[in-house]
Structures are given as structure tokens and as C-alpha cells.
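Right, one structure below, let's go through it.
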Amino acid sequence: MKPPRFAYYDPDTVAEAVELKARFETDAVVLAGGQSLVPMLATRLAKPDALLDINRISSLQQLEVGPTHVEFGALVRQYQLETDPLVARNVPLLAAVTHYIGHVENRHRGTVGGSLAHADSAAELPTAAVTLDAEMVIEGPAGRRVEAARDFFAGWMTSTIAPDELLVAVRFPITPADAGWGFVEVARREGDFALAAAAAQLRLDEAGRVSEIAIGLASISDRPLRATEVEAQLLGQLPTADAVAVAARAIEEQVTASDDMHATHSYRRHLAATVTQRAVLEAVGRAQEGNRS
Amino acid sequence: MTSDTTNDAFNDALARAAEAAAPSGGQVKRKYIGRSMKRVEDPRLLTGRGGFIADQKIAGLTHAAIFRSPVAHGRIVSIDATAALAIPGVIAVVTGEDCRAKMNPCMNFGPSTIPQYPLAVDKVRYVGEAVVAVIADTRYLAEDGVDALDVEFEELPPVVNPFKALEADAALLHEGHGSNLAYERSFTFGEVDEAFERADLVVSDTLHWGRSAGMPLETTGAIGKPGLNGVLEIYCNSMNFSYFVWLIATALKLPSNRVTINPVPAGGSFGSKFTAHKVPTLAGFLALQVNRPVSYVEDRLDHLMNSDHHASDRYYEAKLALTCDGTIVGMDVDVVDDYGAYLQFGVGTHGNALSQGVGPYNFNNLRYHLRAVLTNKCQQGAYRGFGSEVHNWVLERLVDQAAEKLGMAPEVIRRKNFIQPEQFPHKIPGGNLYDSGDYEAVLDKALSMIDLEHWRKEKKRLREEENRYIGIGLVTTQERSVFSSTEFWYWFDEPAFPITSSPESATITIDPSGEFQVLLHSQAMWGNSPETVAAMVVAEEFGVEPDKVNIRYADSAHALPGTGPGGSRFTVMVTGAIRGAAKKLQKKIIEIAAHTLEVPPEDMEITDARVQVKGAPEVGLSLGEVAATAYFFALNLPPGMTSGLEEQHTYDHPLTTLPSPDRSDLGIFYPIMGHNCHIAVMEVDPDTGMTTWLDYVAVHDAGTIVNPITLGGHVTGGTAQGVGTALLEELAYDEDGQFKSSTFLDYLIPTANEIPAMKLGHVETPSPYTEYGIKGGGEGGRMATPGVISAAIDDALREFGMHVQNLPVKPSDIVATVLAAREQQKEQRS
């Protein structure tokens, strides 16, 4: 478990990093927190010619709260999402899901951008990004572009980042004060990748009906998915326990993950509905509490 | 005696063993044995000075990496190393052809028709099998060399399912063996058929215990180094080396006095390094090929795929016969064990099962039919329990099923069947002997530590009021200790090497300043507490503070006879060895002091590191004064005594007897019998299949306790590993024989988050046959935990018909059962 020989670069600026990416294209990999990449190097699943260590680029380490969004530089460490009160206050769901990423040691090294660019469908941050309609800020030789999270995840461990581009930041909308959120994950052990996880955020109108709802699922498909049918069934409805239970079943049709040693397909279908139901009820509970107070 | 098979030789053996272990004099109150003491090993481990195999610095050391087979079953067509050898820094490429040409097959306790070499010869038989070794200046370069190899295989049909392996048209793993049935034998003890005919109730079950393994932090590793006088020096973290060094020499075609094994502390074993001979054999062979020191330390991929430490993988058809009042009258076991591609330990893991075949229960009829099957998987090695824990699980599954059918509580049916304290020593069907026990005391203690009535009420309330499902499990299982080597060969009518020795040795030296050194002879530290045990026994015998005793380990050239740790034997055996050496040393000390002080020796005693006159402690000498005399003043010694203060002792197994020639009686081979009771309360979520712990009690009886905190550690760690085996860990192969558990991403070891907070209790029923009455307790909770988890899950989801038959029981299994039951309920309603 020793990586093969590779060239090591540690650019100081985004421009340099982009230039290196343009030069090496698919023969280079970007090292951010290294929590997934380093094991891949050690097991020689990844054999890049060049390793681009972006940890020296200070502009990627900023967290900024704007009027409508919180922008996280790609190198912001996951533990900051988990522990910074600014995050908990402005995007509480994001702070909550981060706790489920690996173990605390992983979160101290692991970065926001690294997890998103790795695009693992079982991962928490991609799921949160899809659920909360985050925007990816991507820089390439032609400049910056912004892509919606829902379009960014393109398949199994695949994003729309071109070989000559670098993910530099992600913007999460600030959560409305009256929104309720919920997150439920089932993994075989604490810190393992989710067998299935659901993130939900919703608002209720004065009659207690669902006026806005977003539900994202991890680990049921080749990429994080929005539970569009479940959302559609609950929108405008009173979110009673029964209504939520019935609507949550609709997610089963979106489960395409096949059997693996930890979960069968049919188990995942049931689990997807279970975590969806529970996450939505948790969100409803918070929204109702918020509306009362 | 409760058995009808008494005979004079047998009774003589018992009497001799009991006499040998009888306390000498009135020394009953103990100062150190039984006291919780921090481990003397810990300071160096906690400060990163463990001195493990990968820490060894040897001038000119080179490094080997292994090309592992990517196919489950295939013929090696060609190996092209041209590109690998062209890499600067790559020194040599070694293949199975080199092994065949220059060495003998590795040591092997299985049939000789199933030979193996450290690198595959002609064929590969499992994914991960070592095929080629590349030696280079660094491990990085060696792995580059492995990447550059071009190895061509002709694939053969993979044999993965053990039942299909037995079919007539299955591909053969070992053509020379002629069958994939490596071994078959049936033992019938007592009147099994009659017992089942007479029975009021017969319960039966089809069970599968899946593969898991001990996963120490440190993998197995060795360094081979050509030394002086043609001696091959091997440094390795394998255990039991003084038992097998001559076998490694045989494999390497060297005289045994030309191989020396230098023991290196192991970063854990749990059985995985028990007689782990292939790695040191390979490192030694590679060193001989390049005439340079070569290190081969498995990385995690090597270790998971081909460290020969995968454990039991058994399929059972098992039956238990009872009378209507819940009395067990017989057991019938038909087991197919999926041993993998080779059989290095023979079927000793089933000898372990037979050592406690009836559990703690008093019945006389037992049938055991074993088929050991060869498949394209990594071969089995040792793991905590060595196969006895599997039998415990099977027996407890059957007892629970019987209890449910008879409407008896789990503790009631067990109590009814316990062997009673006055029935020891107790000979069980098969021939093994249980030395002592008080099983009701253990059960009572466990019940006193948990409020079962509360939990039974709570179970009902939570179900009715909160729609939550909790379950209670209770098991009472045996924990055999102190194996004798006969269990490895009594399976064969004409065994190749019917060994009956399994000793342990120790040397105690008091240096001229009166300081103590102890030399241990069969292992280095392997993660347990050998030094703490040795220090405590010396402290007990001489009254010195334990932390003043220095412990060292002999290399194989200096080692006295020893077997090494395994089968929970170390504490009992090394205590016997140290105490034997201590008695010799005490005699010499007293003789010197008596001569010096001119008092009769029988009037003197050793207390608090002094030798003094009984009743007049002011008349005496410090051990330092005696030591000075012993080393420097020969003219002051009693006439005929030689200088120095060092004694050694080899302690043989305290109680073992020969199997009968017809194997109707397997003899005594595992007599020092511990016992435990575990009770678990778990919540099971029927819609996710996830389990959580609500309460857990573990009470163990390991005889006289030496060190409560380290025994507690064994119980705790063993329970954690039992949780792994029961719920999480799985060395899985797919239908093509591809290995699915090659990293810790998929092989799930429980962490602190997944194991219960345990309440530990101890009962002490001394063994009549060991020094101080100690029994082994090293295998700890793993003997019981899989059974108690299975029972608790069944109990929680009984309304869905949950019945754990397959370990590990995964969340998907649980949910599948729940969904099927709901579907059925729906159909019944409609």
C-alpha cells in the first residue's frame, strides 16, 4: 500500500492551480483534505502523474456570510461546518449533516470542496448541496462559472468539473428563519458511509400546510437525488404522520443502487422510504416549533 | 466422578495432577495474585517504544512486496518479470518455481496431499494467494516491481460454495488429494439414536457462522537475515516459535541449529499470529535467495486477503433432544466447514468444539459429524475461540429454541441442566474433563447485576406504548483453556506426529545485586500481559515489588521447551513454569541463608524479599545479601553448592491423557474449564434493522484471578469481537470467488460506538490442577456474545418470526424478515 511515483505541485494561487490542471488534464489529481484520495493512492486505485496540492491557496480557505448566501471556499475544513456558530445559525441543516461525515479526525482534514468534487453519492455534503440548492463556483482557463448542485453531480463519482477546471467554492442559501429541517442517516457503524440518508427542509403556511419542501437522498443511486415525487405529494398538504408515511413510499421508485455486501436493493428501497419519512417528520416538528415560537 | 468410564490410569492421572497443584504449606493469603495491577508493558507501548517488526533497523535491509492472485482458481501459465527487473532498485523476483526447486512444502497439520508453499506453485487457489515476491531497496520500489509484472493465468472454475465443492463434477483444488473433501469423520459418544428416540422434544436448526478474523493493528511480518556460521536469523512477530522453528528449518532445508528465530513483540494477535509460519518462512527463503536481509511485512491488503487467519466458516444441521421437563438428553451435530484452499491447522478447531461439546450441561449423548471442505478462499487460521465459540453459539441457539417451545425462561432451562458443583471433576462425552465449576453461582451473580423483571416489563410497555422493540438474551457458555496438543491429531487413526507435549518454561535469575530477571521462552509480547503475569508471580513468590522484575524473551537458540500462547493457556502455563523455577530458587536461597546464619533450613521462610527465621523476622538476610554470597563468595556456600542464583523450570501440561486407539474416548485435552453468563438487552429497529444496546452484563469464572483489570480487558475485548462476528464483520467472497472485504471500508470492525457499556462480574472457582487454581480467560466475551446477540434480536422481533440463523446478522436480513412477516399479516387480513 505505497503509491506509485508522482510529481508533486503545490500552487499558491487558483490561477496557478488552474494552469497546472490545464497542463495535466486527466493525469493530475487535486489533493485537498486527502481523506478519500490518499487511500486511493496507497492502494494504487489512483495512479496520477501529478498531484496538485491546493492546501497553500489561502483564498480557498474563506467562509463568508453574504446577504442571501453563505460561501465556503473549497478548502474550508468540514469541522468548521460542524462547529462554527455562523454555519449553524445560517444553514443549520449543513451543520447537522456534517457531523455524520466519517469521524472527527476525518472532518479536521476533510474539506468542503474535496467532498463535493469527489461526488460520492453516499456522502453527506453532496446530499446537502442538492437538497439546499447550493451553487458550485468553478474556475477554469476561461474564468469562473456557477453551476447548480442538481446539475453538478453527473454520475457515479462524477461531476461536471472539466479536467482543466477547479472547484473553488460552494454557496449555500441562507435558511429562512421559519424553515424546519431534518436529517436521518443509517450506516452500519457510526462514521461509515450511509446505507441511505435523507435530508429534508420545509416551511409551513399559517394553516400548517407544506408551502416549501426539499428532500435529498444519499446512497440510493449513482448520485445524490432530490425526492421530487415525495416533495410533490407533500406540497400543499398537512404533513400528518400518515400523509408523510404514504408520500415517503414514493422514493422507492428512485432507488437504483444494486445489491452490495452491506445492503440489498430491496432493503435500500425500504430504508430510503424509512429515512425519508423520519427526516420529513423531524423537519415538520422543527417547523411547527419554529412557527409556535 | 460422575462418569461410568472410570479406570485406574485415568484416576491416577487426576490424582497426580491434583497433587502436583496442591498448595505447598499454609500459604493461602496472597499479596499480589488477585490484585488489580497496571500492566508493566504499557509505558513503553504508550510512548511509542513497542519495538515492532516494522521498527527494526537492520543495515542493508531490503523489502519484499507480493503479487497476489487476482483470480480465485487458475493455472499459472507464465510470469514475465523483465519489466520489473528493469526498474532501478528492484533486486530480485522470486516465484513458486524457486520454492519448489529449493525448499520443502511449509509445515502443515493437515493431510500431506494438501501441500502448500509460501508462493503458489503451478496453481493459484484463492484471490490474494501469494504468487510472486519482488525484492527491492524500498517497499515503494518493490510495489512498483509488482505492478510491472506480467503474470498470465488460465482460469479454472471457481469453487466457492462448500456444498457444490462436494458435488462429483466440482473442479478439484488439489488434484493430488483427489477430492475437495479434505477430511471427514463422525464421532458418536453415548447412545445418541436412543436418546433422540426417547426424547419428548427434538429441536433442530440450520445455521451458518460466517467468516471473520482477528484484526490486530499490526499485521504479520518477518525479516530474514543471513547470519554468522550459516545461521539464518529470522525476526518475526509470529508466536509459538520455539514450538515450530524446526519445522521452518525443515521447510527451508536447513538443519534446525542453522535457523534462529528472534521474537519481536506483536501489535496484537487474537489468534492471527498463532503459529503464523508462512510469513517468517517466506522472509527467510527470500533472504537466502538474495543473501541479504529481507523484510516482508504484510500491508493491510496482504493481511486481509492472505494472512491465513480467516476463522471458522461453518454450516450446521444441529439437533437437540430433551425430555418434556426441559432436561437435555442428547445433541447431534452435522457440520460442514468451509476451510478454504488449504488446511494448515488440520481440523483442530473442531477439537476445540469437542472439548466443551455439551457446554455447561449434564448430558451424555453427543454425535459430531464433520466434513472439512476445500474451496477457493483463503485458508482458515486461528481466531479467539478457535472454533469452540462457534459450537457455543450452536448449542445456545438450540437451547433457546427448546426453551421457547417448552415455555421456559432462558435462565430456567439452563439452570435445570447445569452440571452441579459436586459433579466435578466431570468427564464429558468424548473424553475431555471439566476440572471444576459452579455454574449456578455465575448465573446468580449475572442475574443479580441486571433487573430482568424491569426489562421484561419494559419490553411489554415499550411495544404497547411506543411501538418499540426490545429483546433480552441470556446465554451460559464454556470457556475451555490450556490446550494439549492431542486435539490436533486424534482426528486421524494413524497420525503422522502424535505429539503429547505442550509445555511452557521460565528462567528466574537473581543477579548479584539481588535484582530479578525472568526469561520467557516461547513468545515475545503479543499484546497481552505476559510480563505483568510473570512479574506478579515472582512478586508473590519472593515478596518483591512486581515493577522491579525485568522480563526478557529468549530467542529460539536459547529457548527451553515451550508451546506459546494460544487456547488461553499462557497464564496457567507460565505461572506453573515460574512457580516451578521459584521453588528451586527458594530452596537454594534458604540453604545459603541457613548455612550463613547457622539455623536449620526448615526454620526459614522467604517474605518481602528477605529470607528469615519463622517467628523471628529480625534474624535473616536480604535477597541481595544472599545473592552476593551466591555469586562472589563460593567458600561461604554450603558444601557442594555451585555459584550463581538462577533456576529454570519446564512445566508440562498439568492434565492430559492419551486418546484411546479406537477413538471412542479422545482423552483429556482441554481440562481447565472456565464458564460465563452474558445477558444482553437490545433494541432493534424493525424498519432499519439497526440495533442499539440497552444493558449488558458479563460474568466470567476463570478460576483464581491473577489480575482483575486485565481479565476484565479480555472479557471486554472478546465481547467487542463477538459483536463484530455477530453483527458486522464478514470476510465475503462473491460467486466468482472474488474477495469483497479487502479493506476496512467493507470489513467492519466494531468501534467503541458499536459495543455495549458492560457490567463485568467475576466468580472464582479455582482449578484443582493448576498453580494457585488459575484458569485461562483469554478468549473472553467472544465465547458468549454471538449467542446472546442472536437471542436478544430474536426476542425483540419474535412477533415477526425473527430467528437468527446466519452470522453476521445484517440490517438487511432483519428488515427482510420484518417485511415478509408484514406481507404475510396483510395477506391473512385480506
Scanning the range A:247-293 for residues that are more than 19 Å from A:GLU185 (Cβ to Cβ) and among the small types (Gly, Ala, Ser) gives A:ALA247, A:ALA250, A:SER258, A:SER266, A:ALA287, A:GLY290, A:SER293
Per the filter on the range A:213-242, residues part of a strand (DSSP E or B) and either buried (at least 24 other Cβ atoms within 10 Å of the Cβ) or in contact with a Pro (Cβ under 6 Å, 6 or more places away or on another chain) (or both) are A:ILE213, A:ILE215, A:GLY216, A:LEU217, A:ALA218, A:LEU225
Restricting attention to the range B:664-699, report how many residues are away from chain A (no Cβ under 14 Å), assigned to a loop (DSSP other than H, G, I, E, B) and on the phi < 0 side of the Ramachandran plot. 7
Number of positions in the range A:25-55 that are among the β-branched types (Val, Ile, Thr) and more than 26 Å from B:SER742 (Cα to Cα): 2
Across the range A:247-293, the tally of residues that are within 11 Å of another protein chain (Cβ to nearest Cβ), farther than 19 Å from A:LEU225 by Cα, surrounded by 15 or more Cβ atoms within 10 Å (Cβ to Cβ) and within 23 Å of the chain's Cα centre (by Cα) stands at 1
Just checking, does the range A:29-38 include any residue being surrounded by fewer than 18 Cβ atoms within 10 Å (Cβ to Cβ), part of a helix (DSSP H, G or I) and in the same structural domain as A:PRO126 (by TED's automatic domain parsing)? no
Restrict the check to the range A:139-153 and report whether at least one residue is of a type in the set (A, V, I, L, M, F, W, C), within 20 Å of A:ARG89 (Cα to Cα) and in contact with a strand residue (DSSP E or B) (Cβ under 9 Å, 6 or more places away or on another chain). no
Out of B:TYR315, B:TYR296, I need the residue that is within 28 Å of B:PHE483 (Cβ to Cβ), not basic (Lys, Arg) and not in a helix (DSSP H, G or I). Which one? B:TYR315
Name the strands (runs of 3 or more DSSP E) wholly inside the range B:530-621 in which the number of residues that are farther than 30 Å from B:ARG384 by Cβ is 3 or more. B:604-607, B:610-613
Flag for A:GLN201 being modelled with pLDDT of 95 or more and either part of a loop (DSSP other than H, G, I, E, B) or out of contact with any strand residue (DSSP E or B) (no Cβ under 7 Å at 6 or more places or on another chain) (or both): no
Show the residue pairs meeting these rules: Cβ distance below 6 Å; 6+ apart or different chains; first residue within the range B:741-757 and more than 9 Å from chain A (Cβ to nearest Cβ); second residue part of a loop (DSSP other than H, G, I, E, B) and β-branched (Val, Ile, Thr). none
Of (1) touching a Gly at 6+ places or on another chain (Cβ under 8 Å); (2) under 23 Å from B:GLY351 (Cα atoms), B:GLU494 fails just (1)
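Residue-wise test of (1) in contact with a Gly (Cβ under 7 Å, 6 or more places away or on another chain); (2) free of Cβ contacts under 8 Å to residues at least 24 places away in the same chain; (3) farther than 17 Å from B:GLU541 by Cβ; (4) crowded, with 16+ Cβ neighbours inside 10 Å.
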{"position": "B:ALA577", "(1), (2), (3), (4)": "no, no, no, yes"}
{"position": "B:LYS587", "(1), (2), (3), (4)": "no, yes, no, no"}
{"position": "B:THR607", "(1), (2), (3), (4)": "yes, no, no, no"}
{"position": "B:ARG610", "(1), (2), (3), (4)": "yes, no, no, yes"}
{"position": "B:VAL619", "(1), (2), (3), (4)": "no, yes, yes, no"}
{"position": "B:ALA628", "(1), (2), (3), (4)": "no, no, yes, yes"}
{"position": "B:PHE632", "(1), (2), (3), (4)": "no, no, yes, no"}
{"position": "B:LEU635", "(1), (2), (3), (4)": "no, yes, yes, no"}
Search result, residues across the range A:203-246 that are more than 20 Å from the chain's Cα centre (by Cα) and closer than 15 Å to A:ALA273 by Cβ: A:GLU229, A:GLN233, A:LEU234, A:ALA241, A:ASP242, A:ALA243, A:VAL244, A:ALA245, A:VAL246
Selected residue (only one of B:LEU286, B:LEU301, B:LEU232 is surrounded by fewer than 21 Cβ atoms within 10 Å (Cβ to Cβ) and among the aliphatic types (A, V, I, L, M)): B:LEU301
Only strands (runs of 3 or more DSSP E) wholly contained in the range B:105-193 count here; list those with 1 or more residues that are assigned by TED's automatic domain parsing to the domain that holds B:ALA86. B:130-136, B:150-155
If I go through the range B:240-272 residue by residue, how many of them are among the charged types (D, E, K, R) and either over 17 Å from B:ASP555 (Cβ atoms) or without any contact (Cβ under 8 Å) to a residue 12 or more places away in the chain (or both)? 1
Name the one entry in B:LEU201, B:LEU232, B:LEU217 that is touching a residue at least 12 places away in the same chain (Cβ under 8 Å), among the hydrophobic types (A, V, I, L, M, F, W, C) and under 30 Å from B:GLU730 (Cβ atoms). B:LEU217
Looking only at residues that are without any contact (Cβ under 8 Å) to a residue 60 or more places away in the chain and buried (at least 17 other Cβ atoms within 10 Å of the Cβ) in the range B:44-100, which one is nearest to A:MET1 (Cα to Cα)? B:VAL90
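Residues checked against (1) assigned to a helix (DSSP H, G or I); (2) under 18 Å from B:ALA720 (Cβ atoms); (3) among the basic types (Lys, Arg):
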position	(1), (2), (3)
B:TYR772	yes, no, no
B:GLY776	no, no, no
B:PRO786	yes, yes, no
B:ALA792	yes, yes, no
B:VAL804	no, no, no
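The values are calculated or read from the model by the stated rules, or taken from the named source; none is laboratory data. What you see is a predicted model, and the numbers here were worked out from it, not measured in a lab. Note: ideal-geometry Cβ built from the backbone for every residue, glycine included; neighbour counts use all protein chains shown.
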